[in-house]
Amino acid sequence: MSDLHYAVELTPPDIEPYRAGNTGIDYVNRFAAAEPGPHVLVTALTHGNEICGAIALDRLFRAERRPRQGKLTLAFDNIAAYRNFDPRVPVASRFVDEDFNRLWAPATLDGTRRSTELARARDLRPIVDAADFLLDIHSMQYSTAPLMLAGTLDKSVALARRVGIPELIMCDAGHAAGPRMRDYGGFGDPGSAKTALLIEAGQHWERRAAEVATDVMLRFLTAVGTLSQDDAAPLGGADFAAHPVQRIIQVTEAVTITGDTFEFVQDFRGLEMLPQKGTLIERDNGHEIRTPYDECVLIMPSRRFVRGQTAVRLGRFVE
């Protein structure tokens, strides 16, 4: 649990109207167009306290936008964790038993282990299997610039460029604790046309995060042809029409916590660039971790100091 205190500017939406859905899976709704096209999936609440994605999906539902081609599926993921969300302790409802976004390996999904999150992931697996394109909406602990996580494949970077926002695209291989949904199956296969992106829309409970989540979702849906520009523009906010020069951060290492005593040497918040190779970043059970090269960028430092989890990612600008 984080030692920080946050202002909660967002109100979690009532998603009960979307419970029954039309797919046989609670909180999963699908809409089909008469024209053929890709099957597009947008997911929110992969972590139960990251409510900006739920707000974005709720806005889309309320606007009654329907796909111009193909299929559009909207899914709320970790409902059990979301039900526990309490603005007085907003960090406490990330998950119930384990991180939903570290379970997306076939061996894990097919295995015998049980948890609240695994049960839900197994329920949602056919929906994820069926998608051609995925946008998974997330948010971050600190108030830093939004990041589009494009994995390691060129196809995902190309899609991030078609979406056009946010400015920063991060390319990384994920976490030692387990694969993310955006890396599952064909999304992580260079030989497959299936493509996924994950947006980190900003600090979890800042009003701006919901605006970014909505704008990125709308731009994603226009990029893949699900919505037209005319469909999306009236729902857009400050960044909908933005055209930043996008930059790529290549992650070279995800620092995984190995001990029981971990600390950063400074109050890092994310996207700090440390100019000199060998700069001390953190200590893990007394072991010093230093920057491996000049101009090293620190990405999404965590305050969840748990063995086996990612503490921070190290990268560099390549464009």
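The values are calculated or read from the model by the stated rules, or taken from the named source; none is laboratory data. Worth saying up front: this structure is predicted, and the values here are computed from it rather than measured. Here the Cβ positions follow ideal geometry from the backbone for every residue, glycine too, while neighbour counts run over all protein chains shown. We work out accessible area using only protein heavy atoms, side chains counted, and drop any ligands, DNA or RNA first. Shrake-Rupley method; radii C 1.70, N 1.55, O 1.52, S 1.80 Å.
Values computed for the structure shown
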| read-out | value |
| --- | --- |
| Test for residue 44: is it at pLDDT 95 or above, touching a Lys or Arg at 6+ places or on another chain (Cβ under 9 Å), of a type in the set (Gly, Ala, Ser) and closer than 26 Å to residue 115 by Cβ | no |
| Output for segment 77-96, where each listed residue is touching a helix residue (DSSP H, G or I) at 6+ places or on another chain (Cβ under 9 Å), open to solvent by 10 Å² or more (accessible area, probe 1.4 Å) and not hydrophobic (A, V, I, L, M, F, W, C) | 82, 83, 84, 86, 94 |
| Residues satisfying the stated conditions in segment 115-143, i.e. assigned to a helix (DSSP H, G or I), within 26 Å of residue 194 (Cα to Cα) and open to solvent by 40 Å² or more (accessible area, probe 1.4 Å) | 119, 122, 123, 125, 126, 129, 130 |
| Scope segment 3-22; condition crowded, with 17+ Cβ neighbours inside 10 Å and either within 19 Å of the chain's Cα centre (by Cα) or among the polar types (S, T, N, Q) (or both); matching residues | 10, 12, 13 |
| Residues located in segment 219-231, provided they are in contact (Cβ under 8 Å) with a residue 40 or more places away in the chain and either open to solvent by 10 Å² or more (accessible area, probe 1.4 Å) or under 21 Å from the mean Cα position of the chain (by Cα) (or both) | 219, 220, 221, 223, 224, 225, 226, 228, 231 |
| Where residue 27 falls short, out of the listed (1) over 21 Å from the mean Cα position of the chain (by Cα); (2) under 30 Å from residue 233 (Cβ atoms) | (1) |
| Hits in segment 146-191 (condition: out of contact with any Gly (no Cβ under 6 Å at 6 or more places or on another chain), assigned to a loop (DSSP other than H, G, I, E, B) and open to solvent by less than 40 Å² (accessible area, probe 1.4 Å)) | 150, 151, 153, 164, 165, 166, 172, 174, 184 |
| Of all residues in segment 168-208 being of a type in the set (A, V, I, L, M) and more than 12 Å from the chain's Cα centre (by Cα), the one that is nearest to residue 132 (Cα to Cα) | 193 |
| Output for segment 63-110, where each listed residue is farther than 23 Å from residue 8 by Cα and of a type in the set (D, E, K, R) | 64, 65, 66, 68, 71, 97, 98, 102, 110 |
| Where a residue in segment 86-101 is free of Cβ contacts under 8 Å to residues at least 40 places away in the same chain and its partner, wherever it lies, is among the acidic types (Asp, Glu), with Cβ under 9 Å and at least six apart | 97/117; 98/117 |
| Residue that is in contact (Cβ under 8 Å) with a residue 60 or more places away in the chain and either in contact with a strand residue (DSSP E or B) (Cβ under 8 Å, 6 or more places away or on another chain) or closer than 22 Å to residue 200 by Cα (or both), where the choices are 273, 300 | 300 |
| Any strands (runs of 3 or more DSSP E) falling wholly within segment 239-308 and containing at least 1 residues that are more than 21 Å from the chain's Cα centre (by Cα) | 262-264, 280-284, 287-290, 296-299 |
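Here is a yes/no grid of residues against (1) assigned to a strand (DSSP E or B); (2) of a type in the set (Val, Ile, Thr); (3) open to solvent by less than 30 Å² (accessible area, probe 1.4 Å):
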site: 29; (1), (2), (3): yes, no, yes
site: 34; (1), (2), (3): no, no, no
site: 46; (1), (2), (3): no, yes, yes
site: 55; (1), (2), (3): no, yes, yes
site: 67; (1), (2), (3): no, no, yes
site: 75; (1), (2), (3): yes, no, yes
site: 98; (1), (2), (3): no, no, no
site: 113; (1), (2), (3): no, no, no
